[in-house]
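Presented below is the structure to which this report refers.
The values are calculated or read from the model by the stated rules, or taken from the named source; none is laboratory data. If you're wondering where the values come from, they're calculated on a predicted model, not measured in any experiment. Cβ: placed from backbone, ideal geometry, glycine included. Neighbour counts: every protein chain shown.
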Amino acid sequence: MDPLGFIDGSSLYRAYFVPGGVDPEGLKACVSKCDVNSFLIVRNELVSVHIHNRVNYYWIWHNITFALELNAPSTKADCVIKNYRFGTISTKGKVQHTDPKWTNDGPGDDPTWWDGAAWRAAVLYVPIKPTPARPPVFTQVKPKWFTPQDATFYDSPGRTTRPLRLADLPVAYTYTFKTEVEDKATGAVVASINNWTAQWTAKKVAAGVQVTNVGNSTGTPSHP
(Lines give C-alpha, C1' and ligand atoms only; values in the text may rest on other atoms or scores of the structure.)
Protein backbone atom coordinates (compact mmCIF):
# COMPACT_ATOMS: atom_id res chain seq x y z
CA MET A 1 0.00 0.00 0.00
CA ASP A 2 1.27 3.43 -0.88
CA PRO A 3 1.45 5.41 2.37
CA LEU A 4 0.76 8.63 0.46
CA GLY A 5 -2.40 7.29 -1.09
CA PHE A 6 -1.34 6.44 -4.63
CA ILE A 7 -0.29 10.02 -5.24
CA ASP A 8 1.54 8.95 -8.42
CA GLY A 9 -1.23 6.70 -9.71
CA SER A 10 -2.37 3.18 -9.00
CA SER A 11 -0.46 1.26 -11.67
CA LEU A 12 3.19 0.34 -11.32
CA TYR A 13 3.39 -0.50 -15.06
CA ARG A 14 1.44 2.36 -16.58
CA ALA A 15 3.44 4.36 -19.13
CA TYR A 16 4.09 7.45 -17.01
CA PHE A 17 7.65 7.39 -18.33
CA VAL A 18 6.64 8.39 -21.89
CA PRO A 19 6.20 12.15 -21.41
CA GLY A 20 9.46 12.33 -19.53
CA GLY A 21 11.41 10.66 -22.30
CA VAL A 22 12.93 7.94 -20.15
CA ASP A 23 12.83 4.18 -20.31
CA PRO A 24 10.25 2.18 -18.29
CA GLU A 25 12.71 1.70 -15.45
CA GLY A 26 13.62 5.38 -15.43
CA LEU A 27 17.29 4.64 -15.79
CA LYS A 28 18.14 6.33 -19.07
CA ALA A 29 16.76 8.96 -21.42
CA CYS A 30 15.03 7.89 -24.65
CA VAL A 31 16.47 10.60 -26.87
CA SER A 32 15.77 10.74 -30.60
CA LYS A 33 18.87 9.93 -32.65
CA CYS A 34 17.36 10.89 -36.03
CA ASP A 35 18.03 14.62 -36.26
CA VAL A 36 16.75 16.19 -39.51
CA ASN A 37 18.27 19.40 -40.86
CA SER A 38 16.02 19.72 -43.93
CA PHE A 39 13.39 17.66 -45.72
CA LEU A 40 11.84 18.96 -48.95
CA ILE A 41 10.19 17.99 -52.22
CA VAL A 42 12.41 19.56 -54.86
CA ARG A 43 10.43 18.39 -57.91
CA ASN A 44 6.79 17.51 -58.58
CA GLU A 45 6.35 17.03 -62.33
CA LEU A 46 3.42 15.65 -64.34
CA VAL A 47 4.51 13.08 -66.94
CA SER A 48 2.37 11.98 -69.89
CA VAL A 49 3.57 9.36 -72.38
CA HIS A 50 1.54 8.49 -75.49
CA ILE A 51 1.97 5.51 -77.77
CA HIS A 52 -0.06 4.86 -80.91
CA ASN A 53 0.16 1.22 -81.96
CA ARG A 54 -3.22 0.13 -83.32
CA VAL A 55 -4.75 1.54 -80.14
CA ASN A 56 -3.96 4.74 -78.27
CA TYR A 57 -2.40 4.13 -74.90
CA TYR A 58 -1.33 6.65 -72.28
CA TRP A 59 0.81 6.49 -69.17
CA ILE A 60 0.19 9.46 -66.85
CA TRP A 61 1.75 10.04 -63.44
CA HIS A 62 3.70 12.50 -61.29
CA ASN A 63 7.44 12.21 -60.74
CA ILE A 64 8.41 13.35 -57.26
CA THR A 65 11.94 13.98 -55.95
CA PHE A 66 12.66 14.28 -52.23
CA ALA A 67 15.82 15.66 -50.61
CA LEU A 68 16.63 14.72 -47.02
CA GLU A 69 19.56 16.02 -44.97
CA LEU A 70 20.39 14.86 -41.45
CA ASN A 71 22.49 16.59 -38.86
CA ALA A 72 25.61 14.70 -37.77
CA PRO A 73 26.14 12.58 -35.77
CA SER A 74 22.75 11.23 -36.94
CA THR A 75 23.02 8.72 -39.77
CA LYS A 76 20.66 6.89 -42.09
CA ALA A 77 20.61 3.93 -39.67
CA ASP A 78 18.85 6.13 -37.10
CA CYS A 79 15.89 6.97 -39.34
CA VAL A 80 12.87 5.38 -41.01
CA ILE A 81 10.91 6.92 -43.91
CA LYS A 82 7.20 6.20 -44.38
CA ASN A 83 4.50 7.38 -46.78
CA TYR A 84 0.70 7.62 -46.59
CA ARG A 85 -2.04 8.56 -49.06
CA PHE A 86 -5.72 9.34 -49.44
CA GLY A 87 -7.79 10.16 -52.51
CA THR A 88 -9.73 8.72 -55.44
CA ILE A 89 -9.38 7.54 -59.02
CA SER A 90 -12.47 8.04 -61.17
CA THR A 91 -13.16 6.69 -64.66
CA LYS A 92 -16.07 7.93 -66.73
CA GLY A 93 -17.39 9.77 -63.70
CA LYS A 94 -17.43 6.68 -61.47
CA VAL A 95 -15.05 6.04 -58.60
CA GLN A 96 -12.86 3.06 -59.45
CA HIS A 97 -10.62 3.19 -56.39
CA THR A 98 -10.71 5.22 -53.21
CA ASP A 99 -8.71 5.63 -50.02
CA PRO A 100 -11.04 7.81 -47.91
CA LYS A 101 -8.55 8.12 -45.04
CA TRP A 102 -4.80 7.98 -44.62
CA THR A 103 -3.65 4.62 -46.02
CA ASN A 104 -0.25 2.93 -46.01
CA ASP A 105 1.51 3.72 -49.28
CA GLY A 106 4.29 1.22 -49.73
CA PRO A 107 4.99 -2.35 -50.84
CA GLY A 108 2.80 -5.04 -49.31
CA ASP A 109 0.47 -2.48 -47.69
CA ASP A 110 3.38 -1.30 -45.53
CA PRO A 111 4.11 2.43 -45.41
CA THR A 112 7.88 1.94 -45.04
CA TRP A 113 10.14 3.18 -47.83
CA TRP A 114 13.44 3.18 -45.89
CA ASP A 115 13.69 0.87 -42.87
CA GLY A 116 17.01 2.06 -41.47
CA ALA A 117 19.03 -0.47 -43.48
CA ALA A 118 17.52 -0.79 -46.98
CA TRP A 119 15.18 0.92 -49.43
CA ARG A 120 11.85 -0.84 -49.95
CA ALA A 121 10.37 1.66 -52.39
CA ALA A 122 10.93 5.28 -53.54
CA VAL A 123 11.86 4.59 -57.19
CA LEU A 124 11.58 7.13 -60.03
CA TYR A 125 10.27 6.01 -63.45
CA VAL A 126 11.76 7.86 -66.42
CA PRO A 127 10.29 7.00 -69.83
CA ILE A 128 12.35 6.44 -72.96
CA LYS A 129 10.43 7.85 -75.92
CA PRO A 130 8.30 5.18 -77.59
CA THR A 131 8.02 4.48 -81.28
CA PRO A 132 4.94 3.23 -83.21
CA ALA A 133 6.37 -0.28 -83.08
CA ARG A 134 7.52 -0.28 -79.47
CA PRO A 135 5.87 0.70 -76.22
CA PRO A 136 7.76 3.02 -73.89
CA VAL A 137 10.59 1.60 -71.86
CA PHE A 138 10.93 2.89 -68.34
CA THR A 139 14.28 3.43 -66.71
CA GLN A 140 14.21 3.12 -62.95
CA VAL A 141 16.20 5.68 -60.98
CA LYS A 142 16.80 4.19 -57.56
CA PRO A 143 16.91 6.10 -54.27
CA LYS A 144 20.34 6.74 -52.83
CA TRP A 145 22.15 7.87 -49.72
CA PHE A 146 25.05 9.95 -51.03
CA THR A 147 26.51 10.19 -47.53
CA PRO A 148 25.29 8.79 -44.20
CA GLN A 149 23.38 12.08 -43.80
CA ASP A 150 22.18 12.97 -47.33
CA ALA A 151 19.59 11.14 -49.43
CA THR A 152 17.60 11.65 -52.60
CA PHE A 153 14.57 9.46 -53.15
CA TYR A 154 11.46 9.44 -55.30
CA ASP A 155 7.84 8.57 -55.89
CA SER A 156 5.75 8.09 -59.05
CA PRO A 157 2.10 8.33 -57.94
CA GLY A 158 -0.41 7.48 -60.62
CA ARG A 159 1.83 5.13 -62.57
CA THR A 160 0.47 1.61 -63.04
CA THR A 161 1.61 -1.44 -64.96
CA ARG A 162 -1.34 -1.07 -67.35
CA PRO A 163 -1.64 2.08 -69.44
CA LEU A 164 -4.83 4.04 -69.93
CA ARG A 165 -6.83 3.44 -73.09
CA LEU A 166 -9.06 5.88 -74.91
CA ALA A 167 -11.95 3.73 -73.75
CA ASP A 168 -11.02 4.49 -70.13
CA LEU A 169 -11.45 8.24 -70.50
CA PRO A 170 -12.27 10.57 -68.91
CA VAL A 171 -10.11 9.85 -65.87
CA ALA A 172 -9.57 11.92 -62.74
CA TYR A 173 -6.67 11.14 -60.40
CA THR A 174 -6.86 13.05 -57.11
CA TYR A 175 -4.48 12.07 -54.34
CA THR A 176 -2.93 13.74 -51.31
CA PHE A 177 0.11 12.34 -49.51
CA LYS A 178 2.24 12.77 -46.41
CA THR A 179 5.82 11.53 -46.09
CA GLU A 180 7.31 11.14 -42.64
CA VAL A 181 10.78 10.62 -41.19
CA GLU A 182 10.70 8.70 -37.94
CA ASP A 183 13.32 8.04 -35.32
CA LYS A 184 14.05 4.32 -35.56
CA ALA A 185 14.62 3.89 -31.83
CA THR A 186 11.55 5.71 -30.49
CA GLY A 187 9.13 5.73 -33.44
CA ALA A 188 8.65 9.49 -33.03
CA VAL A 189 8.00 11.54 -36.18
CA VAL A 190 10.91 13.98 -36.42
CA ALA A 191 10.10 15.56 -39.81
CA SER A 192 7.35 15.36 -42.41
CA ILE A 193 6.03 16.80 -45.64
CA ASN A 194 2.30 17.11 -45.22
CA ASN A 195 -0.45 17.31 -47.83
CA TRP A 196 1.62 17.20 -51.00
CA THR A 197 -0.55 16.42 -53.99
CA ALA A 198 -0.61 14.61 -57.33
CA GLN A 199 -3.81 15.48 -59.17
CA TRP A 200 -4.66 15.35 -62.88
CA THR A 201 -7.46 14.73 -65.35
CA ALA A 202 -7.43 13.22 -68.83
CA LYS A 203 -10.22 13.46 -71.40
CA LYS A 204 -10.78 12.90 -75.11
CA VAL A 205 -10.68 15.93 -77.38
CA ALA A 206 -10.67 16.36 -81.15
CA ALA A 207 -6.88 16.31 -81.27
CA GLY A 208 -6.58 13.19 -79.11
CA VAL A 209 -6.26 13.36 -75.33
CA GLN A 210 -6.03 16.44 -73.13
CA VAL A 211 -4.13 15.95 -69.89
CA THR A 212 -4.57 18.69 -67.29
CA ASN A 213 -2.42 19.15 -64.23
CA VAL A 214 -4.99 19.92 -61.54
CA GLY A 215 -2.61 20.16 -58.61
CA ASN A 216 0.99 19.26 -57.88
CA SER A 217 1.84 21.03 -54.64
CA THR A 218 5.06 20.25 -52.81
CA GLY A 219 3.27 20.21 -49.47
CA THR A 220 4.16 21.73 -46.13
CA PRO A 221 7.45 20.68 -44.51
CA SER A 222 7.29 20.22 -40.74
CA HIS A 223 10.08 19.68 -38.23
CA PRO A 224 8.53 19.03 -34.80
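Here are the numbers for the structure shown:
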quantity	calculated
Enumerated strands (runs of 3 or more DSSP E) restricted to segment 121-224, each holding at least 3 residues that are touching a residue at least 12 places away in the same chain (Cβ under 8 Å) and of a type outside the set (A, V, I, L, M, F, W, C)	150-155, 171-183, 189-205, 208-215, 220-222
Residue that is surrounded by the fewest Cβ atoms within 10 Å (Cβ to Cβ) [pool: residues in segment 96-119 that are without any contact (Cβ under 8 Å) to a residue 12 or more places away in the chain and in a loop (DSSP other than H, G, I, E, B)]	118
Test set (1) outside any loop (DSSP other than H, G, I, E, B); (2) surrounded by 12 or more Cβ atoms within 10 Å (Cβ to Cβ); (3) at pLDDT 90 or above - residue 42 fails condition number	(2)
Unmet requirement for residue 129, which otherwise passes all of (1) at pLDDT below 90; (2) within 19 Å of the chain's Cα centre (by Cα); (3) farther than 17 Å from residue 106 by Cα	(2)
Residue within segment 53-60 that is exposed (fewer than 10 other Cβ atoms within 10 Å of the Cβ), modelled with pLDDT under 85 and farther than 17 Å from residue 202 by Cα present	yes
Single residue of segment 96-126 satisfying the filter (of a type in the set (Val, Ile, Thr) and at pLDDT 95 or above) that is farthest from residue 174 (Cα to Cα)	112
Given (1) at pLDDT below 95; (2) surrounded by fewer than 11 Cβ atoms within 10 Å (Cβ to Cβ), index of the condition residue 72 fails	(1)
Selection within segment 147-174 - over 16 Å from the mean Cα position of the chain (by Cα) and closer than 13 Å to residue 66 by Cα	150
Pick from segment 161-173, criterion closer than 18 Å to residue 209 by Cα and not hydrophobic (A, V, I, L, M, F, W, C), ranking: surrounded by the most Cβ atoms within 10 Å (Cβ to Cβ)	173
Any hit, segment 88-95, residues being modelled with pLDDT of 90 or more, over 30 Å from residue 165 (Cβ atoms) and assigned to a strand (DSSP E or B)	no
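Listed here are the residues, each with its yes/no results for (1) surrounded by fewer than 19 Cβ atoms within 10 Å (Cβ to Cβ); (2) of a type in the set (Lys, Arg); (3) at positive phi.
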site	(1), (2), (3)
179	no, no, no
187	yes, no, yes
190	no, no, no
195	yes, no, yes
199	no, no, no
213	yes, no, no
